[in-house]
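Rule-based calculations on the coordinates, nothing more; no lab input. Treat the numbers as computed from the prediction; the structure is a model and nothing was measured. We place every Cβ from the backbone using ideal geometry, glycine too, and count neighbours over all the protein chains shown.
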Amino acid sequence: MLSFLSVTQVTNQVTNQARSTDTVVLINQGTDMAESRKIDRWVEGFPFLRALEADQFAKLAKVVQFPVLEIGQVAYQQDWECPNYIMCVEGRTRVYKTSGAGREVLIYKVEGGGTCVLTTQCLLSNSNFPAESVAETRTELAILPKSHFHKFMAEIPAFRDYVIADYTRLLGMMFSLIDTVAFATTEQRLARRLLAEAAERRVVDKTHQQLASDIGTVREIVSRHLGDWERKGWVISNRGQIQIVDKSALASRQAQ
């Protein structure tokens, strides 16, 4: 009887160990599958990765990380160091500047398939982040640590070409922003922001204050323009939402 119990105990121990090993294997397989899906989505969002040689891509894939920002979570604050090259896989962050008086002005937004031009500028010039950035939606990122970024820039021509071309394109967008802020009226900036935010949905899920922050003005001016457009039948203003009724009318205001 004692011998039988001993065998049973050993058998149970072996079985438990096997189950434990199987569990570890399953967990590792699940982790590997989850990581593989993240890498697949990263490549889908940034097609230039497909053009890399296998060994070059393996170097990037070995060090890439996939952090997630929840809505409202801060990505960067003014003067923070930039420890990573950032690629947005999904979601949207808002990059903005705050004046000494507390007024905000939108600089640009980073969406899926995009990078942050100010972060790239910081990495290339070894400077700190000159603005603030916050997640507007749940945002999934792919990040490459700074030390590896500089190594890849030196050793992988296709990666370097992408970074420089993308940086140049985003700089062009920055100059367009300067033109808008310097030469467009508040009404034009508001019309452009509504049309850009609404896209095909014809709905902008923002408050008057949020729109004011986006275009660098105060809520009262935004409310005045929206009230005027609502009386003309161009928009319908609800709490936290603007519905665009006459898109062509708004387009005419942005072009004036």
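Near the amide H of residue 203, under 5 Å away, which other amide H atoms are found, from residues 5 or more places off or on another chain, if H is placed in the peptide plane?
Amide H to amide H, under 5 Å and 5 or more residues apart or across chains, residue 203 pairs with 244.
Pull out a ≥ b ≥ c, the square roots of the eigenvalues of the alpha-carbon gyration tensor of the range 33-86, then state rounded if a/c is under 1.5, prolate if not and a/b is larger than b/c, and oblate in the remaining case. All intermediate terms of the calculation are to be shown ahead of the outcome.
Numbers: a/c = 2.49, a/b = 1.72, b/c = 1.45.
It comes out prolate by the Cα gyration axes.
Which parts of the range 89-114 would a label at residue 71 reach, counting a residue when its backbone N lies under 16 Å from a point 7 Å out along Cα-to-Cβ?
The answer is 91-94.
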